[in-house]
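Worksheet for the structure shown next.
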């Protein structure tokens, strides 16, 4: 597969992920301000695609999950997904722009999670090792 075909496949995957996710982010952006006073790092409210899996993967049943960023900073991100990994779980993640371009490859650790409206989970990730920075 050449670069043009790969880029086209990435865009198709992104469109499919966006269609299947059915996650409304409006409420999450609206509520972001209430946490600003507790944070050490500046957060940018931005939507990107996040693919994540346990790290290291030990079982064949541990597959990649998909979510979306709610916000991000230099030290971590907030992710919205249908299910959240347990607090403390290390994850391997790939963050992509909505057009499919790769933005970040990293190892992160789940530092918190909570339930959101619409059967969604939000969880915070602390970046542990950045393998491919922005």
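On inspection, residue 62 fails the criterion of being in contact with a strand residue (DSSP E or B) (Cβ under 8 Å, 6 or more places away or on another chain) and part of a strand (DSSP E or B). For the range 115-130, filtering for residues that are touching a residue at least 24 places away in the same chain (Cβ under 8 Å) and in contact with a strand residue (DSSP E or B) (Cβ under 7 Å, 6 or more places away or on another chain) leaves 11.
Residues in the range 86-97 that are in a loop (DSSP other than H, G, I, E, B) and over 12 Å from the mean Cα position of the chain (by Cα): 4 in all. The residue that is farthest from the chain's Cα centre (by Cα), counting only those in the range 115-129 that are in a strand (DSSP E or B), modelled with pLDDT under 95 and surrounded by 11 or more Cβ atoms within 10 Å (Cβ to Cβ), is 116. For the range 92-114, taking the residues that are in contact (Cβ under 8 Å) with a residue 60 or more places away in the chain and surrounded by 18 or more Cβ atoms within 10 Å (Cβ to Cβ), the one that is farthest from residue 77 (Cα to Cα) is identified as 100.
The values are calculated or read from the model by the stated rules, or taken from the named source; none is laboratory data. On a predicted model such as this, the values are computed, not experimentally measured, just so you know. Positions of Cβ are generated from backbone atoms using ideal geometry, with glycine treated the same way; all protein chains shown enter the neighbour counts.
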